[in-house]
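Read the structure below first, then the notes.
The values are calculated or read from the model by the stated rules, or taken from the named source; none is laboratory data. All figures in this text were calculated on a predicted structure; none of them were measured in a lab. Cβ sites come from the backbone with ideal geometry, for glycine too, and all protein chains shown count toward neighbours. Note: areas computed on protein heavy atoms with side chains; ligands, DNA, RNA excluded. Shrake-Rupley method; radii C 1.70, N 1.55, O 1.52, S 1.80 Å.
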Amino acid sequence: MIERIAALRAELDNITASDKNAVEELRIKYLGKKGLIPALMADFRNVPAESKKEVGRAVNELKEYAQSRISELKESFDSQDNEVSADLDLTRTATPTPCGTRHPLSLVRNEILEIFGSMGFTIAEGPEIEDDWHVFESLNFPPDHPARDMQDTFFIDRENADVLLRTHTSSVQTRTMEHSQPPIRIVCPGRVYRNEAISARAHCFFHQVEGLYIDKNVSFADLEQVLLGFARRMFGPDTRIRLRPSYFPFTEPSAEMDISCHICGGKGCALCKGTGWVEILGCGMVDPNVLRNCGIDPEVYSGYAFGMGVERIANLKYKVKDLRLFSENDVRFLNEFISAH
Ligand code: PHE
């Protein structure tokens, strides 16, 4: 036994390894479960009682020696790794990590929401897949009413005309009115869908922010002031607005709002087609039928609503001529908005 121990010790004196895997093989050979040293320990029970003390100590020393030799070898490779990394030039300039930018539509939407947020409007959101009641019927579009053609609708289910993609976020206004009582002061941002051929000026989806304010004694003059405040913050303090009579089934009276052209200041240019004005949104006083449909008493409350296309505002603000750029995600276009943060 003592000779076997001495022989193994001599072997261990001379072990070498070419890489980390070889060290691991050596560890298994000497110290692994079926290795030479555990085998030696298994034979320990055959050692005569009078030599057990001496042999036991020698076996333990051998085991410790093997462990230290193997960790020595292992460490020599670890320190080699460190030497490799010491070759790295830590003073070299780092490769820049490309930094994403906010999408221009998000920038504009956030700005719109921030302006109305500062006037006390809170954000309300709702589903993009809707039913007829929330998109049309509750908003005073009776079945077969020609006004439904104003917003060409995508129906999702061939058999069920009650499952559709919302054509405006007015559906979120209905949902909010259905489960809360005035005062209600919300802005509803979101994506909407209309079945239109894709071109520079139209797309089958776009984004809106609509607003709703319902309370006692809300007047058209309130609406006008809020919209004037918005236009000035969005397009500059000299911006003027004008309201032209229009028609929406859910508002009465209804209007479309123009702002003085911020490119030519109203003198007339290509953007405003020589008129000095550009249209930016639709608005009006909420029709009493809509309030009634949503469980709000029109004898007690009145309110206004407005709705705008985020793409339209972004076009005007950033002079983007082709709507399609907003959904193609060409990074050369998107990178132009890095400084707009
Ligand atoms: N919902 C209208 C649209 O999508 C916009 C609008 C909202 C008009 C509120 C008036 C009042 O065209």
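When R312 is tested against the conditions (1) within 33 Å of the chain's Cα centre (by Cα); (2) within 27 Å of S219 (Cβ to Cβ); (3) of a type outside the set (V, I, T); (4) outside any helix (DSSP H, G or I), the lone failure is (4).
For first residues located in segment 130-142 and among the charged types (D, E, K, R), partners that are within 11 Å of the ligand (Cβ to nearest atom) and lie 6+ apart or on another chain with Cβ distances below 6 Å form the pairs E130/R166; E130/S171. Could you please give the count of residues in segment 122-147 that are outside any loop (DSSP other than H, G, I, E, B) and either over 14 Å from L291 (Cα atoms) or hydrophobic (A, V, I, L, M, F, W, C) (or both)? Counting residues in segment 122-147 that are outside any loop (DSSP other than H, G, I, E, B) and either over 14 Å from L291 (Cα atoms) or hydrophobic (A, V, I, L, M, F, W, C) (or both) gives 10. Only one of the listed residues (R244, R233) is within 20 Å of E114 (Cβ to Cβ), open to solvent by 30 Å² or more (accessible area, probe 1.4 Å) and more than 12 Å from the ligand (Cβ to nearest atom). That residue is R233. Hey, could you check segment 308-335 for residues that are charged (D, E, K, R) and without any contact (Cβ under 8 Å) to a residue 12 or more places away in the chain and say which is farthest from A200 (Cα to Cα)? Per the stated criteria, the residue is R332. Within segment 285-306, residues that are on the phi > 0 side of the Ramachandran plot reach partners that are open to solvent by 50 Å² or more (accessible area, probe 1.4 Å) with beta carbons closer than 8 Å, at six or more positions or on different chains, in the pairs G295/E178. The single residue among L223, L227 that is buried (at least 19 other Cβ atoms within 10 Å of the Cβ) and under 29 Å from the mean Cα position of the chain (by Cα) turns out to be L227. On the given criteria, is V290 within 16 Å of the ligand (Cβ to nearest atom), among the aliphatic types (A, V, I, L, M), open to solvent by less than 50 Å² (accessible area, probe 1.4 Å) and in contact with a Phe, Trp or Tyr (Cβ under 6 Å, 6 or more places away or on another chain)? So V290 fits the description; yes.
Just need a number here: residues in segment 158-179 that are open to solvent by 60 Å² or more (accessible area, probe 1.4 Å) and not in a loop (DSSP other than H, G, I, E, B). Before you say what the answer is, go through the steps one by one.
Taking segment 158-179 as the starting set, the residues that turn out to be open to solvent by 60 Å² or more (accessible area, probe 1.4 Å) are 158-162, 175, 178-179.
Next cut, not in a loop (DSSP other than H, G, I, E, B) only: 175, 178-179.
Total satisfying the criteria: 3.
Here are R175, R148, R166: which of them is of a type in the set (D, E, K, R), within 15 Å of the ligand (Cβ to nearest atom) and touching a strand residue (DSSP E or B) at 6+ places or on another chain (Cβ under 7 Å)? So that I can check it myself, show each step before the final result.
Numbers: R175 fails: touching a strand residue (DSSP E or B) at 6+ places or on another chain (Cβ under 7 Å); R148 fails: touching a strand residue (DSSP E or B) at 6+ places or on another chain (Cβ under 7 Å).
Among R175, R148, R166, only R166 is of a type in the set (D, E, K, R), within 15 Å of the ligand (Cβ to nearest atom) and touching a strand residue (DSSP E or B) at 6+ places or on another chain (Cβ under 7 Å).
Counting just the residues of segment 180-204 that are open to solvent by less than 40 Å² (accessible area, probe 1.4 Å) and aliphatic (A, V, I, L, M), which one comes out nearest to H168 (Cα to Cα)?
My answer is V192.
Report, by residue number, each residue of segment 114-157 that is modelled with pLDDT under 95, open to solvent by less than 40 Å² (accessible area, probe 1.4 Å) and of a type in the set (V, I, T). Correct list: T153 only. Looking across segment 109-129, the residues that are without any contact (Cβ under 8 Å) to a residue 40 or more places away in the chain and either among the basic types (K, R) or more than 25 Å from A202 (Cα to Cα) (or both) come down to E114, S118.
Of the residues S71, S106, which single one is free of Cβ contacts under 8 Å to residues at least 60 places away in the same chain, more than 16 Å from the ligand (Cβ to nearest atom), surrounded by 12 or more Cβ atoms within 10 Å (Cβ to Cβ) and under 30 Å from Y247 (Cα atoms)? Quick ask: steps written out before the conclusion?
Numbers: S71 fails: under 30 Å from Y247 (Cα atoms).
Exactly one of S71, S106 is free of Cβ contacts under 8 Å to residues at least 60 places away in the same chain, more than 16 Å from the ligand (Cβ to nearest atom), surrounded by 12 or more Cβ atoms within 10 Å (Cβ to Cβ) and under 30 Å from Y247 (Cα atoms), namely S106.
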